[in-house]
């Protein structure tokens, strides 16, 4: 039972941590970020199972985390008011070719990063963008002016 409780606590902590880190950072993993994720996984494992190296302990830990993920997904699906809290909301970062500085600052994005993403979408200027939306996944969607 101790391992299941630790699994639930660690799931909640990691969920909170990913919400605090921000969606832009999570959408673009650099090599260093990948290394940090591996280190994070190893660190979490040590706190999760301590000295229990049994298969049963691993099954309990993974089962508790999987159950929390299913519960979170179900709550988000079932209760619409919880969606912004659990999943976040898309944020408009460019409107009618003009960056929205408050939203960029809130998400720790620069205009240069938005422009780089626009170029990846074959858009060479902010003037051609009607809307740029930072999605909950961390990607930026563009709607061009017509």
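Multiplying the residue separation of residue 53 and residue 143 by 0.36 nm and subtracting their alpha-carbon distance yields 27.3 nm.
Full extension of the chain segment joining residue 123 with residue 87 gains 10.1 nm, where the gain is 0.36 nm per residue of separation less the Cα-Cα distance.
Suppose a student asked you for the relative contact order of the chain, using Cα pairs under 8 Å spaced at least 6 residues apart; what percent would you report?
26
Across all Cα pairs in the range 1-128, the calculated P(r) in 10 Å bins from zero up to the longest distance comes to 11, 29, 29, 20, 9, 3 percent per bin.
Figure the gain on full extension for residue 38 and residue 12 (residue separation times 0.36 nm, minus the Cα-Cα span) and round it to one decimal in nm. Mind dumping the intermediate values first?
Working: separation 26, 0.36 × 26 = 9.36 nm, distance 1.87 nm.
Answer, rounded to one decimal: 7.5 nm.
Per residue and in Å³, how big is the convex hull formed by the alpha-carbon atoms of the range 88-146? If you can, show how the numbers build up before the last one.
Numbers: hull volume 4.1 nm³, N = 59.
Convex hull volume per residue, Cα atoms: 70 Å³.
Each value in this text was obtained by applying a stated rule to the coordinates, not by laboratory testing. A quick note: this is a predicted structure, and the numbers were derived from the prediction, not measured.
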